[in-house]
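Asks: Below is a structure I'd like to ask you about.
The values are calculated or read from the model by the stated rules, or taken from the named source; none is laboratory data. These figures come from a predicted structure and were not determined experimentally. Quick reminder, even Gly has a Cβ in these numbers, built from the backbone with ideal geometry, and neighbours come from all protein chains shown.
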Amino acid sequence: MKATLMYRAGYVRVNDVPDAKIIEPTDALVRVTRACICGSDLWPYRDMEPGESGRPMGHEAIGVVEAIGKDVRKIKRGDFVVMPFAYSDGSCEFCHEGLHTACVHGGFFGNAEVGGAQAEAQRVPLADGTLYPLPIGADEALMPSLLTLSDVMGTGHHAAVVARVRKGGKVAVIGDGAVGLCAVIAAKRLGAEQIILLGRHPDRIALAKEFGATDIVSGRGEEAVARVRELTGGFGVHSVLECVGTDQAMATSMGIARAGGAIGRVGVPHYESIPQAQPMFYDNITVGGGPAPVRAYIAELLPDVLEGRIQPGRVFDRIVGLNGVPDGYRAMDRREAIKVMVKP
Ligand SMILES: [Zn+2]
């Protein structure tokens with residue numbers, strides 16, 4: 001089958017690889033109908049050291065179950081499923097607590113061990129716990145939004161949950177990538193009254209406004225902090241949804257969170273320690289977040305997608321076939337595309 005492999009910074013290609021197949025009795029084999037390129041795929045695209053064999057890429061997908069192992073009970077052949085970016089057993093202590101990304105038997109897609117979803121097919125470990133069967137068939141119009149439930153919409157929602165977004169609250173979203181845009185949707189959905197987007201790209205800002213952003217701040221650093229404080233009566237916001245992962249984004253978060261506020265981090269941190277420990281302490285600011293347990297959120301978000309109340313699939317502004325995946329990486333890296341959908 002064809003699958004996407006990354007060999008070094010700036011170099012991905014689509015190769016013929018051995019077909020994905022059932023290995024463990026709890027596995028399912030999913031024929032990928034839609035996958036996508038993630039903002040987090042761009043980190044190795046910028047700094048990966050050359051490797052010999054190439055890393056299978058892709059961790060977001062929807063598709064059709066083609067085969068199941070002999071111990072799979074709930075998932076059936078022919079099911080149309082969402083595949084969250086992490087696999088999980090659905091039965092351990094952490095899965096019961098709703099933190100599937102800490103599953104004691106779990107792991108992540110997009111590596112040599114389980115393969116990647118920017119491919120024709122994907123082996124899915126712990127199929128009963130991992131996959132979410134959809135109650136509908138392959139509806140073309142809903143495909144993009146359903147696909148976001150495998151990562152970006154669930155991740156934006158996680159930022160909002162961790163940052164304790166509430167009805168009538170003041171919220172800031174840092175980052176105008178696909179996750180930041182989904183975080184705007186999540187904040188609006190949870191009833192935030194003011195949603196300030198910190199971002200710089202005109203096309204993304206336009207979409208954020210349609211999703212519910214009330215104010216836009218395009219400056220950086222101290223300038224951004226001053227502007228957000230000005231927009232919030234001088235005190236800052238209750239909830240910061242940090243969707244970037246740089247030390248500057250974290251420092252800005254600390255600067256704009258009001259006393260007693262919370263910061264939800266979902267951008268993979270590219271810094272060693274959290275800045276501003278003193279103001280964080282004296283202002284009673286909570287910092288939380290991490291890999292989103294998107295599996296836990298699908299049941300809550302799905303009805304809003306099916307009934308059209310939210311349309312997170314609008315973050316996709318380019319569609320490629322498998323052979324177009326390398327171009328897709330280039331387009332996202334150059335900020336020519338917000339998020340690229342892959343249609344194998
Ligand atoms: Zn578990």
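Asks: Does segment 83-127 hold any residues that are polar (S, T, N, Q) and buried (at least 18 other Cβ atoms within 10 Å of the Cβ), and which are they? Steps first, answer last, please.
Replies: Filtering segment 83-127 down to residues polar (S, T, N, Q) leaves 88, 91, 101, 111, 118, 122.
Ser88, Thr101, Gln118, Gln122 - these are the residues of segment 83-127 that are polar (S, T, N, Q) and buried (at least 18 other Cβ atoms within 10 Å of the Cβ).
Asks: Another one. Looking only at residues that are closer than 21 Å to Leu322 by Cβ and in contact with a Pro (Cβ under 6 Å, 6 or more places away or on another chain) in segment 115-146, which one is farthest from the ligand (Cβ to nearest atom)?
Replies: First pass over segment 115-146, keeping only residues closer than 21 Å to Leu322 by Cβ: 115-124, 138, 140, 143-144, 146.
Next, from what is left, pick out any that are in contact with a Pro (Cβ under 6 Å, 6 or more places away or on another chain): 115-116, 120.
Values: Gly115: 21, Gly116: 22, Glu120: 28 Å.
For segment 115-146, the residue satisfying everything is Glu120.
Asks: Okay, moving on. Scan segment 73-92 for residues that are within 13 Å of the ligand (Cβ to nearest atom) and within 15 Å of Met57 (Cβ to Cβ) and jot them down.
Replies: Quick first cut of segment 73-92, residues within 13 Å of the ligand (Cβ to nearest atom) only: 84, 86-92.
Hits for segment 73-92: nothing passes.
Conditions tested, residue by residue: (1) surrounded by 24 or more Cβ atoms within 10 Å (Cβ to Cβ); (2) of a type outside the set (D, E, K, R); (3) in the same structural domain as Pro312 (by TED's automatic domain parsing).
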residue	(1), (2), (3)
Pro144	no, yes, yes
Ala160	yes, yes, no
Arg164	no, no, no
Ile185	yes, yes, no
Asp203	no, no, no
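Asks: Within segment 311-335, which residues are within 16 Å of the chain's Cα centre (by Cα) and of a type in the set (A, V, I, L, M, F, W, C)?
Replies: Val315, Phe316, Met332, listed by residue number.
Asks: Quickly run through segment 58-73 and pick out the residues that are over 15 Å from the mean Cα position of the chain (by Cα) and either farther than 22 Å from Asp139 by Cβ or of a type in the set (Ser, Thr, Tyr) (or both). Outline the logic, then answer.
Replies: Filtering segment 58-73 down to residues over 15 Å from the mean Cα position of the chain (by Cα) leaves 63-73.
Within segment 58-73, Ala67, Ile68, Gly69, Lys70, Asp71, Val72, Arg73 qualify.
Asks: Of all residues in segment 128-142, how many are surrounded by 24 or more Cβ atoms within 10 Å (Cβ to Cβ) and in a loop (DSSP other than H, G, I, E, B)?
Replies: Total satisfying the criteria: 1.
Asks: Looking at Val104, Val72, which one is of a type outside the set (D, E, K, R), touching a Cys at 6+ places or on another chain (Cβ under 6 Å) and outside any strand (DSSP E or B)?
Replies: Val104
Asks: Here is a further query. May I ask you to say which residue of Ile256, Ile196 is surrounded by 21 or more Cβ atoms within 10 Å (Cβ to Cβ), touching an Asp or Glu at 6+ places or on another chain (Cβ under 6 Å) and either outside the structural domain of Val82 (by TED's automatic domain parsing) or over 28 Å from Val82 (Cα atoms) (or both)?
Replies: None of the other options fit; the residue is Ile196.
Asks: Conditions first: (1) within 23 Å of Pro44 (Cα to Cα); (2) among the hydrophobic types (A, V, I, L, M, F, W, C); (3) in contact with a Lys or Arg (Cβ under 9 Å, 6 or more places away or on another chain). Ala213 passes all but one, so which condition is the exception?
Replies: (1)
Asks: Of the residues that make up segment 93-102, is at least one within 12 Å of the ligand (Cβ to nearest atom), of a type in the set (Val, Ile, Thr) and assigned by TED's automatic domain parsing to the domain that holds Gly137? I'd like the intermediate steps shown before the answer.
Replies: Residues of segment 93-102 within 12 Å of the ligand (Cβ to nearest atom): 93-102.
Add one more test, that the residue is of a type in the set (Val, Ile, Thr), and what stays is 101.
Subsequent filtering for residues that are assigned by TED's automatic domain parsing to the domain that holds Gly137 retains 101.
The answer is yes, given that some residue of segment 93-102 is within 12 Å of the ligand (Cβ to nearest atom), of a type in the set (Val, Ile, Thr) and assigned by TED's automatic domain parsing to the domain that holds Gly137.
Asks: Something else about it: Looking only at segment 166-176, which residues are surrounded by fewer than 24 Cβ atoms within 10 Å (Cβ to Cβ), in contact (Cβ under 8 Å) with a residue 60 or more places away in the chain and more than 14 Å from Thr232 (Cβ to Cβ)?
Replies: Arg166
Asks: Run down Gly63, Gly58, Gly51, Gly39 and say which single residue is more than 16 Å from the ligand (Cβ to nearest atom), modelled with pLDDT under 95 and crowded, with 20+ Cβ neighbours inside 10 Å. Full working, then the answer.
Replies: Values: Gly63 fails: modelled with pLDDT under 95; Gly58 fails: modelled with pLDDT under 95; Gly51 fails: crowded, with 20+ Cβ neighbours inside 10 Å.
One residue alone meets the criteria, Gly39.
Asks: Report, by residue number, each residue of segment 259-269 that is modelled with pLDDT under 95 and buried (at least 23 other Cβ atoms within 10 Å of the Cβ).
Replies: Of segment 259-269, the ones modelled with pLDDT under 95 are 267-269.
Of everything in segment 259-269, just one residue is modelled with pLDDT under 95 and buried (at least 23 other Cβ atoms within 10 Å of the Cβ), namely Gly267.
Asks: Taking Ile196 as the residue in question, decide whether it is touching a Gly at 6+ places or on another chain (Cβ under 8 Å) and either β-branched (Val, Ile, Thr) or without any contact (Cβ under 8 Å) to a residue 60 or more places away in the chain (or both).
Replies: no
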